[in-house]
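Take a look at the structure below.
The values are calculated or read from the model by the stated rules, or taken from the named source; none is laboratory data. As the structure is a computational prediction, the values presented were derived from the model and not from experiment. Reconstructed Cβ throughout: ideal geometry from the backbone, glycine too, with neighbour counts over all protein chains shown. Ligands, DNA and RNA are excluded from the accessible area calculation, which covers all protein heavy atoms including side chains. Shrake-Rupley method; radii C 1.70, N 1.55, O 1.52, S 1.80 Å.
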Amino acid sequence: MTVDRSVIQSNYPPGDLAIWIFILAELAVFAIFFAAYAFTRLQHVELFNEYQLTLDREAALINTLALITSSYFVVRSVTAIKLDDRRRCVHWLLAALSMGLLFLIVKTFEYVQHYSEGINLSSNIFYMFYLSLTFFHFMHVIMGMVILAAIAVMAARGRYSRQEHTGVESGASYWHMVDLVWLILFPLVYVMR
Amino acid sequence: MKQLSDYLGIRPCTLVYLLLIFFSLTTFLVGQMGFSGLGMSLLVLSLALIKGQLVGSYFMGLGSVCGLWRWPVFIWLFIPGILIGMAFTLSYQ
Amino acid sequence: MQYKSQAVAKPYFIAAIALFVAQVLFGLIMGLQYVVGDFLFPEIPFNVARMVHTNALIVWLLMAFMGASYYLVPEEAETELYSPGLATLMFWVFLVAAALTVAGYLLLSYSTLADVTMNKLLPTMGREFLEQPTITKIGIVIVALAFLFNIGMTILRGRKTVINLVLLMGLTGLAVFFLFAFYNPDNLVLDKYFWWWVVHLWVEGVWELILGAILAFVLVKTTGVDREVIEKWLYVIIAMTLITGIIGTGHHYYWIGAPEYWQWWGSIFSAMEPIPFFMMTVFAFNIVNKRRRDHPNKPAMLWALGTAVMAFLGAGVWGFLHTLSPVNYYTHGSQITAAHGHMAFYGAYVMINITIISYAMPLLRGRNAANPLKSQVWEMWSFWLMTIAMVFITLFLTGAGILQAYLQRMGENPQPFMVVQEQISLFYWLREIAGVIFLIGLVVYIASFFVGQNDPEAATES
Ligand code: HEM
Ligand code: HEM
Ligand SMILES: [Fe+2]
C-alpha cells in the first residue's frame, strides 16, 4: 500500500489487535462451513449439481463486483486519512457503503425470489447450506456496514488524522474480511461443480 | 505534507483491484458456459484462493507485516482450500 | 470501600456462601445415593435432593451476582447506590423466599407443594432448574426488577464505564430470559425451546457478560492496568459470546424434534463457543502480566486467574467435547453432561463469585486492602482443595460417561441402563470421595474468614 517505512516494518496488522482476533474467529467459522459444504456435497453430488443450477449466478456476479469495488474504496479511504485528507476519507467510505447497500439489495431480491418459490432451510441439504452460508455472510455485510458507517461519522467529526487512524484501519480490515469470505463463497457455491 | 510515495502507494492496490475483477469475470464465465469437471473446479478454486491472497496481502496490508501476523489469511485460504480441493477430487472418483 | 452504600453487598455474600454449603451437602447426599440406593430414603428422595442441589446453586449464584453488582456499580459509577434501603429489603425478601422454597421441597411432596402454591393457575413447575413454585418465580422477578431499577438508576446518575454497561446488559438479559420460565406450552418441542432459552441463554449468553464485567473489574482494581486496554478486550469478548452463544443454542435442538438444519447450525456455532472463553483466559493473563503493582490481596488474584482457566476448561473444553451432533448422539444426557455441567458451573460462575467476594470482603469488613497473611494462606489452600477436587469430580464423571456411552449405546449388544450403572459404580465411589475433599476445601474456605483476624494486614509490596 503506502511506502511508509513504519508500515513496512510493522509486526502487527493494520488496525487494532482486538479486531484481528475477532476477524480470525469469524474466518474460522466460515472455514468450517466451507469444508462442511464440500464434504457434504461429496455424499450428494447429483443433488448439489442439480440445485446449484437454480441459483442466480448473475446476481452473484454483480454482488462479487460490488464487494470487490467497495473493498477497493475502503483501501482508498485509508490512504486518504493517512494523507490527513479527512474529507476524501469520508467520501470513499460513503462510496464503499453504497456498494454494500447494492449488495444487500441484490441479495434481498434473490431471497425474495427463493421465498416465493417456497424454498427454505428444510427444502434440501443443498439449500440448507446455500441459505445458511449466504445468510450468515449477509449478516456480516450488515455488521460491516454498521462499522463503516460509525467510522465515517467519526471521521467526519475529525476523530482521525494522519497520526491516529487505527479506527479506520480496524473497520477497513473487518470489511476486507467480509469481502474475502465472499470471494471463496461465490465460486464454491455458485460455480464449482 | 503529501509525499510522492503516498501517491504511488495506491497503484498496486488499483492493479490488484483490476485483477480481482478480471478473475471474478473469468469465474463467472466458467459458470455461464456450463463448464464442469474436476479440472475446471480446481481452476476456479485456485483463482479464488489467489484472489483471497491478493486481498489479504494488499487490501488488508498483511503483505507488509513481518512475523506471525503475515500468515493468518494465507493459512485460512490454504487449509479450507486443501479440504475443498480434496472433497471435489473425491467427488469425481 | 469507597462508598458507604457498597456495604449492602455483605449480607448477599454471606447468604450466598451459606447456600453454597447447603448445595454441596445435598450434592454429597445424592452422590451417596448413586451407590447406596436407599440412603436417607424416604426422608430425602434423590429427586428432592437434586432440586435442592441445583436450585441452591442457581439462587446463591444469583445472590452473589447481586452482591457483586451492589459492590462494584457504585464504585464504577463513582456515586452512592440509588437506594441502599431497597437493596437491603430485597435481600430479606429473596432470602425468605429461598428458605421457604427449600423448606417446601424438603417437607412436602412436590405435588402437594404444587397444589399448595396454586400451580394450576399459572403452571410453571416441574422443569429442571426451574422447579420453583410459581409464587417463588414471581418473587424472583420482583427482586430482580427492584435490583435492576436500583442498579440502573445508580449507573444513570454516575460515571458510565464500559464495565458497568456490560454488567447492566448482562443483568437485564438475565431478568428478561427468566421470563421464558413462565411459559409452559403443552407441545413438548416448544416446551424444550423455552426451557433452553432460559438455561442455555443464561449460562452461555448473558451470564458470560456478567462474568466478563466482574472479572474486568477485579483486574482493573488489582493490577492498575489502563481501563482502555481492558475495555477493548471486553468488547471483543462480548461480541464473540453473543454471536456464538445465541445461535449455539442449536446444540440443544438435535434430538428434541427441531428441523434438521440445526444439526449443522448447532454444531458449527457452538463449536465456536470456546473462543470467547479462551479469549477471557488470554485476557486475564495478559492483564496480570502487564500489572502496574502487586496487590496485597493474593487470593483474589488467584481466584481471578483460576476463573479464567477453569471456565475455559469446563465450558470450553468439556463443552466442546460433546457439542458436535455426531458425538452428542452418543453422549446426550450421559455422565459426560454431568461432568461438563459441574466443571463449567464451578469454573465460570462459582469461581467468579468467589473472586469478587475474595476481593471485596476484606474491604467490606473494614480492611485497607487485604486480609492478614494467615487468612490468605487458608483461602489459597481452599482454592486448591476445591479446584483440584472439582477437576477430579469431572474426570471421574467423564470416565463414567465414556463407559456409559460405550456400554449402553454403542457396540454389538448395548446393555440396559441399570446394568451399566452397576458396572460403573466404582467411578461414582471415586466421585464421592472427591466430593468429600471438595467439602473440606469449602470448610477451609469458610474458616479463612475467621483465622488470624487479629494479625496485622498483609503488607502492600511496592
Ligand atoms: C459457563 C458456561 C456453561 C455452563 C455453566 C454449562 C452448563 C451446562 C449444564 C448444567 C448442562 C446440562 C443441562 C441439562 O440438564 O440437560 C449443559 C449441557 C450442555 N452443554 Fe453446557 N455449559 C456451559 C457452556 C457450554 C459451552 C461453551 C458448550 C459448547 C462448547 C456447552 C455445551 C453443552 C452441550 C452440548 C450440552 C448438552 C449435553 C447433552 O446433550 O446432554 N456448554 N451445560
Ligand atoms: C461435593 C461435590 C458435589 C457432588 C458430590 C455433586 C453431585 C451431584 C449429583 C449426584 C448430581 C445429579 C446428577 C444426576 O442427576 O444424575 C448433581 C447435579 C448437578 N450438580 Fe452437583 N455435586 C457436587 C458439587 C457441585 C458443585 C460445586 C456444583 C456447581 C458448581 C454442582 C452443580 C451441579 C449441577 C449444575 C447439576 C445438574 C447437572 C446436570 O443436569 O447434568 N455440583 N451433582
Ligand atoms: Fe448450551
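With the convex hull built on the Cα atoms of the protein assembly as shown, state its orientation-averaged projected area in nm². Write out the running numbers ahead of the final one.
On the way: hull surface 141.8 nm².
With the hull built on Cα positions only, its mean projection is 35.5 nm².
Probe 1.4 Å, all protein chains in place: accessible area of C:M280 in Å², nearest 10?
10
Treating only the Cβ of Lys, Arg, Asp and Glu as charged (+1, +1, -1, -1), what charge dipole size does chain C show about its Cα centre? Round to the nearest 20 debye.
Result for chain C is approximately 940 debye, rounded to the nearest 20.
How big is the gap, in Å, between the Cα center of the range C:1-80 and the Cα center of the range A:90-123?
Between the Cα centre of the range C:1-80 and that of the range A:90-123, the gap is 49 Å.
For q = 0.23 Å⁻¹, what log10 I(q)/I(0) does the range C:161-226 give under the Debye formula with an equal point scatterer on each alpha carbon and no solvent?
One equal scatterer on each Cα of the range C:161-226 leads to -0.88.
In whole angstrom, how far apart do the alpha carbon centroids of the range C:117-188 and the range C:328-381 sit?
If we compute the Cα centre of each part, the gap is 23 Å.
Would you kindly compute the Cα radius of gyration of chain C and its largest Cα-Cα separation (Dmax), both in Å?
Spelled out, the Cα radius of gyration and Dmax of chain C are 21.8, 67 Å.
In what sequence, largest accessible area first, do B:L29, C:L364, C:L211 appear using a 1.4 Å probe?
Numbers: B:L29 85, C:L364 20, C:L211 0 Å².
Ranking B:L29, C:L364, C:L211 by accessible area, largest first, yields B:L29, C:L364, C:L211.
With no solvent and one point per C-alpha, what does the Debye sum give as log10 I(q)/I(0) for the range A:145-193 at q = 0.21, 0.26, 0.29 Å⁻¹?
-0.71, -0.90, -1.01
Output the direction-averaged projected area (hull surface divided by four) of the convex hull of the alpha-carbon atoms of the range C:11-72, in nm².
Computing the convex hull of the Cα atoms and averaging its projections yields 4.0 nm².
For a quick size check, give me the Cα extents of the range C:1-134 along its three principal axes, largest first, whole Å.
Largest first, the range C:1-134 extends 54, 37, 19 Å along its Cα principal axes.
Across every pair of different alpha-carbon atoms, what Kirkwood hydrodynamic radius in Å does the range C:301-387 reach?
14.4
Positive end of the charge dipole of the protein assembly as shown (Lys, Arg +1 and Asp, Glu -1 on Cβ, about the Cα centre): tell me which of C:F449, C:H322, C:G104 has its Cα farthest that way.
Positive-most Cα among the choices belongs to C:F449.
Give the Cα extents of the range C:123-243 along the principal axes, in whole Å, largest first.
52, 29, 20
Which value in deg cm²/dmol, rounded to the nearest 500, describes the helix-derived mean residue ellipticity at 222 nm for the protein assembly as shown, given -39,500 (n - 2.57) per DSSP H run of n ≥ 4 and division by the residue count?
Mean residue ellipticity at 222 nm (helix-derived): -24500 deg cm²/dmol.
Looking at chain C, do any whole DSSP H helices span at least 20 angstrom along their long axis by alpha carbon and average -1.0 or above on Kyte-Doolittle, and which?
Flagged H segments are C:9-35, C:46-77, C:84-107, C:134-157, C:162-178, C:207-223, C:227-248, C:274-289, C:373-409, C:425-447.
What shape does the range C:75-119 take by its C-alpha gyration tensor, where a ≥ b ≥ c are the square roots of the eigenvalues and a/c under 1.5 counts as rounded, a/b above b/c as prolate, and the rest as oblate? The partial results should precede the final answer.
Details: a/c = 4.36, a/b = 3.84, b/c = 1.14.
Verdict is prolate for the range C:75-119.
For the full complex of protein chains and a 1.4 angstrom probe, list C:R50, A:R57 by accessible area with the highest value first.
C:R50, A:R57
What whole-number value in cubic angstrom gives the convex hull volume per residue for the C-alpha atoms of the range C:40-119?
In the range C:40-119, the Cα convex hull volume per residue is 100 Å³.
Sort B:F35, C:F277, C:F41, C:F182 by accessible area with a 1.4 Å probe, largest first.
Result of the area sort, largest leading: C:F41, B:F35, C:F182, C:F277.
When you have a sec, figure out the Kirkwood radius of the range A:21-191 from all distinct Cα pair distances and drop it here in Å to one decimal?
17.0
Viscosity 1.002 mPa s, temperature 20 °C: what is the translational diffusion coefficient of the range C:294-462 from Stokes-Einstein with a Kirkwood Rh over Cα pairs, rounded to a whole number of µm²/s?
In µm²/s, the coefficient rounds to 122.
Sort out for me the Cα centre separation of the range C:203-262 from the range C:277-316, rounded to whole Å.
What the calculation gives is 16 Å, centre to centre.
State log₁₀ I(q)/I(0) for the range B:2-91 at q = 0.15 Å⁻¹ as given by the Debye formula over alpha-carbon point scatterers of equal weight, solvent excluded.
Listed by q, the Debye log ratios stand at -0.69.
Please work out whether the range A:3-97 counts as rounded, prolate or oblate from its C-alpha gyration tensor, where a ≥ b ≥ c are the square roots of the eigenvalues and a/c under 1.5 means rounded, while otherwise a/b larger than b/c means prolate and anything else oblate?
On the way: a/c = 3.83, a/b = 1.78, b/c = 2.15.
Oblate.
As an exercise, identify the chymotrypsin sites (Phe, Trp or Tyr not before Pro) in the range C:300-352 lying in DSSP coil whose Cβ has no more than 11 other Cβ atoms within 10 Å.
The qualifying sites: there are none.
What average number of partner chain Cβ atoms lie no more than 10 Å from the Cβ of the residues making up A:43-56?
1
Mind giving me the nanometre distance, one decimal, between the label points for C:R227 and A:N124, set 7 Å out from Cα along Cα→Cβ?
Roughly 5.8 nm, to one decimal.
Apply the Karplus parameterisation 6.51 cos²θ - 1.76 cosθ + 1.60, with θ equal to phi minus 60°, to every residue of the range A:52-59 and state each ³J(HN,Hα) to the nearest whole Hz, in sequence, with x for glycine and proline.
4, 5, 7, 7, 8, 5, 5, 4
Can you list the HN-Hα couplings for the range A:150-159, worked out from phi with the Karplus curve (6.51, -1.76, 1.60; θ = phi - 60°), rounded to whole Hz and with x for Gly and Pro?
Using θ = phi - 60°, the values come out as 4, 5, 4, 4, 5, 5, 5, 7, x, 6 Hz.
Pairwise over distinct Cα atoms, reciprocal of the mean inverse distance: report the Kirkwood radius of the range C:168-327 in Å, one decimal place.
Working: mean 1/r = 0.0598 Å⁻¹.
Kirkwood radius, the range C:168-327: 16.7 Å.
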